[in-house]
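For reference, the structure is listed below as structure tokens.
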């Protein structure tokens with residue numbers, strides 16, 4: 001059994017659904033945060049794909065607890081990567097969405 005959801009993302013979506021008046025386009029910091037969240041999801045997916053390409057080995061087979069821990073670790077690594085340095089996806093998306101909002 002594999003878990004492929006992000007509890008933090010679900011919580012942020014639930015909290016943003018409660019407040020429709022606080023749209024991301026009106027607040028640049030909120031928009032940048034959402035772009036970084038999107039980049040974190042992309043990086044987490046990349047890390048998961050990279051890990052799947054490496055064959056499992058070792059003395060003991062991986063259990064469900066190790067798979068869950070690995071998913072949570074990938075999630076934390078992805079969030080930290082995007083918050084500190086990033087890969088440029090969030091910046092490009094932020095610029096594009098700001099231009100789109102300015103043209104309205």
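Of note:
- Apart from one condition, residue 99 fits all of (1) at pLDDT 90 or above; (2) surrounded by 10 or more Cβ atoms within 10 Å (Cβ to Cβ); (3) out of contact with any helix residue (DSSP H, G or I) (no Cβ under 6 Å at 6 or more places or on another chain); the exception is (2).
- Scanning the stretch 77-91 for residues that are exposed (fewer than 13 other Cβ atoms within 10 Å of the Cβ) and in a helix (DSSP H, G or I) yields 80, 84.
- Top-ranked residue in the stretch 42-63 [being modelled with pLDDT of 90 or more and out of contact with any helix residue (DSSP H, G or I) (no Cβ under 9 Å at 6 or more places or on another chain); ranked as farthest from residue 93 (Cα to Cα)]: 53
- Close pairs (8 angstrom Cβ cut-off, 6 or more residues apart or separate chains): without any contact (Cβ under 8 Å) to a residue 12 or more places away in the chain in the stretch 45-59, not in a helix (DSSP H, G or I) anywhere: 56/62
- Count of residues meeting criterion [loosely packed, with under 13 Cβ neighbours inside 10 Å, in a helix (DSSP H, G or I) and modelled with pLDDT under 90] in the stretch 9-41: 8
The values are calculated or read from the model by the stated rules, or taken from the named source; none is laboratory data. As the structure is a prediction and not an experimental result, all values here were calculated from the model. Because the Cβ atoms are built from the backbone with ideal geometry, glycine has one as well, and the counts that use them run over all protein chains shown.
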